[in-house]
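Participant: One structure coming up, written as C-alpha cells, with questions to follow.
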Amino acid sequence: MPVNNIPKIDTFGCTRCGLTVTVRAADGSRRNHCPSCLHSLHVIDQFDGGSSECRSRMSPVSIAVLRNGDWRIIHRCVRCDELTSNPVSPDDNQLILLRMAVRPLAQPPFPLETFGDL
Amino acid sequence: MPRHTAPRPGREQKRKSVLHEHDQHRSRDFRCVGCRLDVPSIAPGTAHRNHCPTCLVSLHVDRRVPGDRGASCRGRMDALSVSVRPDGEWMIVHQCAACGELSANRIAGDDNALALVRLALRPLCDPHVASKALVTL
C-alpha cells in the first residue's frame with residue numbers, strides 16, 4: 001500500500017549482499033527486504049508486537065499465494081527461527097522468486113510420477 | 001544481538017523440549033478442526049505432529065517453542081505454503097486464520113500427498129504471474 005510519509009531519500013544497506021537500497025519502492029510502498037537477494041532484517045517481533053531485539057538476518061524460505069493471486073515472501077530469521085510474510089515488490093529479483101516457487105517440486109519427498117495415474 | 005560466529009553449513013533442527021513420543025496414553029490425540037478427523041499423535045517420520053494428515057489444518061496453541069501450549073488464540077491455522085529446508089525436507093507454513101501468526105512444521109509420513117502437491121503448486125498455477133516472472137528474466 002502506498003505510504004506518503006516515507007522519505008524518498010531514505011536508504012538501508014542489505015545485511016547479506018551489501019546493496020544500498022532505497023526504503024521507498026517504485027510504487028510508493030515501504031520496502032523491507034533487499035530486491036536483489038530478498039534477505040530482510042528481523043526488527044519486528046511477531047509474537048509480542050513492537051520492535052524485536054534480535055536484529056538478525058531473515059532469509060526467504062517460501063512463496064505464499066493470497067486468495068487474490070498476489071505473491072508474498074515468507075522470511076525466516078536465521079537466529080531465532082521466527083517467520084514473517086511480506087508482499088513482493090515489483091522490482092524484486094524474479095530469478096530468486098521463481099527458484100523459491102519451484103524448489104519444492106525439485107526436491108519432492110515422494111515420487112511425483114504417480115500423480116499422472118490419479 | 002547479532003551472531004558473530006560463522007554460520008553452520010546446514011541448519012540444525014530447532015531444539016524441542018516437549019516430546020510426546022513416549023506418551024502411551026492417548027491424551028495427545030486431537031480432532032481436526034477442518035475435517036473433524038480423529039488424529040492420533042503418533043505419526044510416522046516425525047515426533048511432532050501438529051496438523052491433520054488429510055486436510056493439513058492445524059490449531060494455534062503454541063507460542064515460540066513447539067509444544068509449549070502458550071498461545072491463548074486457539075484459532076484455526078490453514079496451510080499457507082511449502083518451504084524446503086536445505087537438506088530437502090518439506091515444511092508446511094501455517095497461518096492462523098484468527099490472528100495471522102505464522103508457524104512451520106515438518107511434513108509427516110502419512111500426510112496427504114495430493115494436498116501437499118496442490119499446496120506446492122499454488123504459486124505456479126496462476127499462469128499470468130508465473131509467465132510475467134519468466135518474461136522479466
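Throughout, read-outs are computed from the coordinates displayed, never taken from laboratory work. The model shown is predicted, which means the values in this text are computed figures rather than measured ones. FYI the Cβ positions are ideal-geometry reconstructions off the backbone, even for glycines, and counts take in every protein chain you see.
Participant: Taking the stated definitions as given, is B:Ala108 closer than 29 Å to B:Cys73 by Cα, among the aliphatic types (A, V, I, L, M) and surrounded by 15 or more Cβ atoms within 10 Å (Cβ to Cβ)?
Facilitator: Considered against the rule, which asks whether it is closer than 29 Å to B:Cys73 by Cα, among the aliphatic types (A, V, I, L, M) and surrounded by 15 or more Cβ atoms within 10 Å (Cβ to Cβ), B:Ala108 comes out as yes.
Participant: Taking the conditions exactly as written (small (Gly, Ala, Ser), at the interface with chain B (Cβ under 9 Å from one of its Cβ atoms), part of a loop (DSSP other than H, G, I, E, B) and within 30 Å of B:Cys125 (Cβ to Cβ)), does A:Gly28 satisfy them or not?
Facilitator: no
Participant: With of a type in the set (A, V, I, L, M) and over 25 Å from B:His94 (Cβ atoms) as the only criterion, which of A:Val23, A:Val61 stands out?
Facilitator: A:Val23
Participant: So, one more: Would you check if A:Asp10 is without any contact (Cβ under 8 Å) to a residue 12 or more places away in the chain and acidic (Asp, Glu)?
Facilitator: No; evaluated as a whole, the condition is false for this residue.
Here is a yes/no grid of residues against (1) surrounded by 19 or more Cβ atoms within 10 Å (Cβ to Cβ); (2) in contact (Cβ under 8 Å) with a residue 40 or more places away in the chain:
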position	(1), (2)
B:Ala43	yes, yes
B:Thr46	no, yes
B:Asn50	yes, yes
B:Leu56	yes, yes
B:Leu59	yes, no
B:Gly70	no, no
B:Arg74	no, no
B:Ala79	yes, yes
B:Cys99	no, no
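Participant: May I ask you to list the residues in segment B:117-137 that are within 8 Å of chain A (Cβ to nearest Cβ), in contact with a strand residue (DSSP E or B) (Cβ under 7 Å, 6 or more places away or on another chain) and closer than 16 Å to B:Trp90 by Cβ?
Facilitator: B:Ala120, B:Arg122, B:Pro123 - these are the residues of segment B:117-137 that are within 8 Å of chain A (Cβ to nearest Cβ), in contact with a strand residue (DSSP E or B) (Cβ under 7 Å, 6 or more places away or on another chain) and closer than 16 Å to B:Trp90 by Cβ.
Participant: Same structure again: So A:Thr11 fits all but one of (1) within 12 Å of chain B (Cβ to nearest Cβ); (2) out of contact with any Pro (no Cβ under 8 Å at 6 or more places or on another chain); what number is the exception?
Facilitator: For A:Thr11, the exception is condition (1).
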